[in-house]
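The values are calculated or read from the model by the stated rules, or taken from the named source; none is laboratory data. Worth saying up front: this structure is predicted, and the values here are computed from it rather than measured. Don't worry about glycine lacking a Cβ; one is built from the backbone with ideal geometry, like all the others, and counts go over all protein chains shown.
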């Protein structure tokens, strides 16, 4: 009787998980990192089915050869090679396009975010049915260890700027460590080829009204510091700042134009007030054959202009510039709305097909 009950029980399908690992010149850490990841994921074989997709992004060292050898050693590991370096964005897109998982987890090979983030990300995305789960060291409960102060400051500032521009309360836009619904990320039309892809994914997910959840994470650079040098795959500070500025501009371009317009308007009104005050001061002393207000007022303006012509010139220029930026701001707002509507429409059509 018990055997009949077991036969009638429905078979629960194990979710298939793809771990996507971009790699560029990672020969020094590749073997150790893959061993740690493989050992960790097999602790959950009773819950999930696994594949590890390593994208060798045109490495100039022995990364490709080591990866091919590891693929023989680890059955779950699949290696894809870019002949030349195509940058992080293209490496991730290659991984997404080749991943077969119901869920996809992206991880940095240096394991600055430890492997236990895999379980946390998967638990969150499965139980909440989110489309995207972000690992954030900057939210409440998150932690940063051994990261150089200048880089930590830059990263927090850039992410704060993007949060302000997006008008969403996410703390981390640049981190690559995430979990995605497989169908969702594969259907997303991504264009950027470098680090900007991480913020592009969030931006386009917001356009599509995707469910995005952020969980606390621990970013630990102790390994990098002990290694004695920053790996070539690390984000350069200047490039990271530029990428963050560009990403925040794309999210809300009109904020920059309207903000600049406001600055010029403040300068204009300051100069305009200064001109009016000086006209008021000289007006009682204007001698005119006419008793009309407008005639004496015109002479007062002429007196002030003669004494301070540059004030009128600068005021006129700042007003002109302020109006130009204001106009561009409204145009960019309109264009942004058109883009978002078209992207949403195209994504809906693509999903149906």
Take segment 42-85 and flag every residue that is under 18 Å from residue 22 (Cβ atoms) and assigned to a helix (DSSP H, G or I).
63, 64, 65, 66, 67, 68, 70, 71
Every listed condition ((1) buried (at least 21 other Cβ atoms within 10 Å of the Cβ); (2) within 25 Å of residue 185 (Cα to Cα); (3) more than 23 Å from the chain's Cα centre (by Cα)) holds for residue 80 save (1)
Restricted to segment 170-220 and to residues being in a loop (DSSP other than H, G, I, E, B) and in contact with a strand residue (DSSP E or B) (Cβ under 7 Å, 6 or more places away or on another chain), the residue nearest to residue 49 (Cα to Cα) is 177
Name the residue that is surrounded by the fewest Cβ atoms within 10 Å (Cβ to Cβ), counting only residues in segment 86-119 that are touching a residue at least 60 places away in the same chain (Cβ under 8 Å), more than 21 Å from the chain's Cα centre (by Cα) and assigned to a helix (DSSP H, G or I).
116
Of the conditions (1) at pLDDT 90 or above; (2) under 30 Å from residue 210 (Cα atoms), residue 326 clears all except one; give me its number.
(2)
